[in-house]
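Step one of this worksheet: look at the structure below.
Derivation of every value follows stated rules applied to the coordinates shown; laboratory data play no part. Note that the structure is a prediction, hence the values are computed from the model and not measured. We place every Cβ from the backbone using ideal geometry, glycine too, and count neighbours over all the protein chains shown.
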Amino acid sequence: MNKMTFSERITRAIIFIWFSFYAVCIIYPLLWMFLSGFKTSRELFISTWSLPEQFKWQNYAMAWKIGVGKYFFNSIMVTVFTVLLTILVSAFAAYALSRFEFRLREVFLMVIVGGLMLSPQVGLISLYRLLHTFGIYNTYLALIIPYVAYRVPFTVFLMRSYFLSLPREVEESAYIDGCGSFKVFWHIVLPMSKPILATSALLTAMFSWNEFMFALVFIEDKNLRTIPLGLMNMRGELTTNWPVLLAGLALSALPMIITFILFQKQLIRGLTAGSLKG
Amino acid sequence: MRHPLQGEYRVKMYADRRLAYTYLFPAVILVLVFIYYPAVLNIFYSLYRWSAFSEKKIYVGMHYYNRLFKDPVFYVALKNNALYAVISLVFQVGFGLIIAAILEEKFMRKFQAFFRTVYFSPAVISLTVVGLLWQLIYNSNIGIVNAFLKLIGLGNYAQDWLGSSKTAIFAVIAVSQWQYTGYIMILFLVAIQKIPYELYEAAMIDGANRLQMFFNVTVPQVKEMILVCTTITIIGAFKVFDEVYVMTAGGPGRSSEVLATYLYRSAFRNDEMGYAAAIAFVIFVITFVLSFLQIKLFRTGADA
């Protein structure tokens, strides 16, 4: 490489400063959230930029006790069942759509993936009525079932293209050895598809952990609220006890941040495969 | 080499139509009952006057649509959604692409993983947490936005960002840019990484500088991704609900109302379910057309 010119150095320096500034703009608010959660109300008002004098762990403990703990439990219940059902239902459908030969295959593919074109806002009013009719309004199921339904189109889309890329020789020899298609699916296709199952599970978990609108409309009982709704509730109850609210926010953000750091690769693969925002 | 019997076995193995339908059944039922049926039902609901708490429905025909098109709040909401779309296009798609291109430059490669992770991280946090957090960050007493302005000598500009009808919607939109620019950037990063290096080499031999390479190689090569990102950003802008509801609930007054918050307010605050359904139908038309475009575009993108 030839030597850098002076203007090139300047350009690089400017770019680097710009990128670093942007990084600070992202990190600082998050850091402020975690640190302010340790402050006293007084400190939060007067010493904006300094570290907490004493780390007040009680704020975090209190946030957990007055609600976050309960909301975590609800969110975990809803998320676990949403993920399991979404994966199961989608994998079966994707298997049928990627392997079987039948006349209506393209029609079914369009019906399922076409669900992506309808946003949850459009169904909100009708679903509210429908869940009442089914008698599951204001239960965990009022969230789990709509969540699964709205995740199936995208998950089928992801899984189907993955299944299509798998070699079929193993499946065929298993069939020759006398396995039925269910066994082939369960013992061969699914184990070979672990990467896409992981990606689908992550994206679905992220969706149901963070979902707000359905949780706002389909759940009335305070004790059944998931984290996003619970936090809104806390804001109302805590009025100006902001350090505790900030501690609650920090606790709620933590699982997602940790998951993201651990599974960055799987997450990004899923997001770019679909190019769809949560 | 192909196994001589392979084709035959494949035909037998996957020929059982009933089995295929059985595997498809749960997915199809869920999608039909909980996605398609509600969307169709919504049209029907928008033609009636009805309340969440009674079974009685009075047919009003196109009344709610006529009212909607004369309703000033509807136009405020529509304008705010459009603002959301335009600003998000500039920041998320525009800057997202530029940032991704720079991160792929040789001298930034070393730091790419760090910047990429940092910029993307807000996208994984829930909109509610981000919204509540920024509400405090904008707070005049404890927030860091005004404190920062005072710190750098721009204290005159310190104000109640979410509490003024002039700034509220912009303050909310800014938070979305903070949260999602990194997400769009990642999509571009992946697209840029797929560009064959020879194209850049050829441009270099032709004596192109960095800027020319960006416009003559990078941009045309990621054209499909630009289209996809443009449509998802616009769709997102017309579906926006969480961040507005959490930070301003459409206020002060109705100044930061968007279609989805207006839908919510009509249905669950004013108990005008029919009117809310009419608003939902407008959201349906806008997002459906855009999503249809996106799927078309993405398909051509995948084939290319």
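To test your reading of the geometry: what angle, between 0 and 90 degrees and rounded to tens, separates the Cα axis of helix A:140-165 from the longest principal axis of chain A?
In chain A, helix A:140-165 runs at an angle near 60 degrees to the longest axis.
Rounded to two decimals, what is Rg over Rh for the range B:159-256 when you use alpha-carbon atoms and the Kirkwood radius?
On the way: Rg = 19.3 Å, Rh = 16.1 Å.
Using Cα coordinates only, the ratio equals 1.20.
Check which residues have an amide H placed less than 5 Å from B:Tyr48's amide H, if you skip close sequence neighbours.
Residues meeting the amide H criterion: B:Val60.
Once phi is turned into θ = phi - 60°, what whole-Hz ³J(HN,Hα) does the Karplus curve with 6.51, -1.76 and 1.60 give for every residue of the range B:55-61, x standing for Gly and Pro?
7, 6, 10, 10, 5, 10, x
Among A:Tyr140, A:Tyr162, A:Tyr175, whose Cα sits farthest toward the positive end of the charge dipole of the range A:134-200 (+1 at Cβ of Lys/Arg, -1 at Cβ of Asp/Glu, about the Cα centre)?
Of the listed residues, the answer is A:Tyr140.
Largest first and in whole Å, give the semi-axes of chain B's equivalent ellipsoid, each being the square root of 5 times a Cα gyration tensor eigenvalue.
39, 36, 17
Please give the calculated 222 nm ellipticity per residue for chain A, where each DSSP H segment of at least 4 residues contributes -39500 (n - 2.57) and the sum is spread over every residue; nearest 500 deg cm²/dmol?
Details: 14 runs with 204 residues, N = 278.
Calculated at 222 nm, the ellipticity per residue is -24000 deg cm²/dmol.
Using alpha carbon centroids, what distance separates the range B:205-248 and the range A:44-102, in Å?
29
Under the Karplus relation 6.51 cos²θ - 1.76 cosθ + 1.60, θ = phi - 60°, what is the ordered set of whole-Hz ³J(HN,Hα) values for the range B:182-188, x standing for Gly and Pro?
x, 5, 5, 4, 4, 4, 5
Give me the net charge for the shell around B:Gly253: Cβ to Cβ below 13 angstrom, other residues only, Lys and Arg +1, Asp and Glu -1.
My count for the surroundings of B:Gly253 gives +2.
First select every other residue whose beta carbon is under 9 angstrom from the beta carbon of A:Pro228; then total the charges, Lys and Arg +1, Asp and Glu -1.
Summing Lys and Arg as +1 and Asp and Glu as -1 gives -1.
Given R₀ = 35 Å, FRET efficiency for B:Lys12-A:Leu84 by Cβ-Cβ distance, to 0.05?
It comes to 0.65.
Using θ = phi - 60° and the Karplus form 6.51 cos²θ - 1.76 cosθ + 1.60, what ³J(HN,Hα) does each residue of the range A:241-250 get, whole Hz, x for Gly and Pro?
Rounded to whole hertz, the list is 7, 5, x, 5, 4, 4, 4, x, 4, 4.
Can you compute the label reach from A:Glu101? Point 7 Å from Cα along the Cβ direction, backbone N cut-off under 18 Å, restricted to the range B:13-40.
Only B:13-21 pass the distance filter.
When you look at the Cβ of every residue in A:101-114, what mean number of other chain Cβ atoms sits within 10 Å?
Across the residues of A:101-114, the mean count of other-chain Cβ atoms within 10 Å is 4.
Quick one: what do you get for the protein assembly as shown if you divide its Cα Rg by 2.2 N^0.38 Å?
1.03
For chain B, what is the calculated [θ] at 222 nm in deg cm²/dmol (nearest 500), taking -39500 (n - 2.57) for each run of four or more DSSP H residues and dividing by its residue count?
Numbers: 16 runs with 196 residues, N = 304.
Calculated from helices alone, the mean residue ellipticity at 222 nm is -20000 deg cm²/dmol.
What does the net charge come to around A:Glu53 if you take all other residues with beta carbon closer than 15 Å to its beta carbon, with K and R at +1 and D and E at -1?
Neighbour charge sum, excluding A:Glu53 itself: +2.
Pull up the cross-link candidates among the aspartates and glutamates for B:Lys296, meaning alpha carbon to alpha carbon under 15 Å and not fewer than 8 places away within one chain.
Within the straight-line cut-off, B:Lys296 pairs with B:Glu224.
Got the relative contact order for chain B handy, in percent, Cα pairs under 8 Å and 6 or more residues apart?
28
For helix A:6-36, report the angle its Cα long axis makes with the longest principal axis of the Cα atoms of chain A; keep it between 0 and 90° and round to the nearest 10°.
Long axis of A:6-36 versus the principal axis of chain A: about 90 degrees.
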